[in-house]
1. So, R0 is 22 Å and r is the distance between the beta-carbons of LYS231 and ALA141; what FRET efficiency does that work out to, to 0.05?
2. How high is the FRET efficiency from GLN16 to SER269, r the C-beta distance, R0 45 Å, rounded to 0.05?
3. Could you run the Karplus curve 6.51 cos²θ - 1.76 cosθ + 1.60 with θ = phi - 60° over the stretch 74-87 and give me ³J(HN,Hα) per residue in whole Hz, x for Gly and Pro?
4. Over the stretch 270-354, what is the relative contact order in percent, taking alpha-carbon pairs closer than 8 angstrom and at least six residues apart?
5. Could the peptides 189-195, 43-49 be put in order, highest first, of the mean number of other beta-carbon atoms found within 10 Å of their residues?
6. If the limit is 28 Å between Cα atoms, which of LYS156/LYS337; LYS178/LYS337; LYS156/LYS326; LYS126/LYS156 go over it?
7. Can you put GLU79, GLU58 in order, fewest other beta carbons within 10 Å first?
8. Once amide H atoms are placed 1.01 Å from N in the peptide plane, what residues at a sequence separation of 5 or more from LEU193, or on another chain, have their amide H within under 5 Å of its amide H?
Amino acid sequence: MLRVARPVYRDLWVAQTRDNFDTEPDDRVVSQHLGYWDAIVRAVETNEFSELMGMAREAGGYQFSTGLDLASAIRRTVEATNMIEIALLEAPMEDTSPLEVVSEIADLRSMLVMAVVAGYNQALAKVEKSKPPQASEQLRAALLKNPSKYTTTELKQGEEIGPIYDQEIRFYAIEVGKLRVYNLLPSGRTITLSLLSENDVFFQWRAESSGLSCICAEAMAPSRVIGVSEKDLIDLLGNHPAAAVDVISNFARRLTESNVLIKDLMDNSINLRLYRTLLDLAREFGRASSGQNGALIDVSLTHQRLADMVGSNRVTVTRKMLELQKLGLVAGRGNGKIEILDLEALRNLTLAEQT
């Protein structure tokens with residue numbers, strides 16, 4: 001059915017281009033879009049989506065390079081899948097009902113959107129890295145010029161920056177290593193806010209009034225962190241107004257993340273939180289593995305540690321990890337390390353859990 005609908009899709013796409021841009025698309029661009037169609041055909045026929053997802057990520061990167069905002073990139077992806085469905089309905093009938101294939105294309109929509117977003121954000125991250133130093137980096141540089149204004153803390157893997165018991169705000173900049181910043185909730189459970197590395201900054205504050213106990217941090221690898229008290233931070237910000245705006249924005253963002261993640265903890269299943277965390281860990285700490293589409297998380301992770309990261313308990317996390325092992329998605333590799341055997345399948349499982 002998809003093969004029969006190919007020329008119908010071509011005519012629809014050419015007509016839309018004429019209407020929207022008042023121009024005739026050249027043969028090269030038409031060929032590129034038909035190549036996208038062919039990749040969808042292969043994905044539907046073989047149930048193998050890596051090629052299609054790769055093309056979608058490239059499309060997201062290209063849309064970023066043309067100056068398109070992310071919302072528009074997502075909208076175009078949705079419009080493209082809508083056009084595919086229209087082409088299927090307008091194509092000559094065969095043995096297969098067009099509605100059956102339309103249903104399969106609809107299932108692909110969220111996967112395509114996620115891949116486009118990933119490609120867009122990857123291209124954005126490359127540009128961000130090449131930009132001049134941000135205000136937070138300038139503040140860090142100013143700190144290093146004033147040793148009396150900060151303290152240096154060396155953390156072994158697993159060591160923590162624990163809770164504070166006063167109402168001060170403390171500022172930290174990571175010189176070396178990787179840290180997990182998390183909320184310590186009044187119940188004693190924890191939930192991860194973010195994974196940070198060199199040159200990232202974070203704040204620690206006590207906010208019992210918002211239902212949080214404290215912001216803490218755990219070294220996921222040997223790390224060195226410089227810390228500044230509220231008083232010294234105020235003095236430094238007075239000499240760096242641009243950095244003050246950046247600090248306020250950072251603080252507000254972290255507070256918002258805290259509230260969003262607590263809502264996530266209450267509203268979403270342990271499955272979804274665990275899958276997302278494993279994917280985040282693979283992105284931050286993953287290295288090449290034996291599998292073609294896998295990643296070895298190069299950091300020691302006990303099930304208790306994973307439970308702390310997702311706001312659950314060890315028994316539940318152990319049961320869920322065994323389920324993933326039976327599905328052939330993860331495997332233990334000794335020294336507490338976890339290998340994700342099929343990242344794409346885990347992403348698909350995450351998407352399915354969200355619906």
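Read-outs throughout are calculated quantities, based only on the coordinates presented, and are distinct from any laboratory measurement. Quick caveat, the model's predicted, so the values are computed rather than measured. Quick reminder, even Gly has a Cβ in these numbers, built from the backbone with ideal geometry, and neighbours come from all protein chains shown.
1. Working from the Cβ atoms, E equals 0.65.
2. 0.70
3. Along the stretch 74-87, the couplings run 5, 4, 5, 5, 5, 4, 5, 5, 4, 5, 4, 5, 5, 4 Hz.
4. Relative contact order of the stretch 270-354: 36 percent.
5. Averaged packing, sorted descending, gives the order 189-195, 43-49.
6. LYS156/LYS326; LYS126/LYS156
7. GLU79, GLU58
8. Excluding prolines and chain starts, which carry no amide H, the hits are VAL181, TYR182, ASN183.
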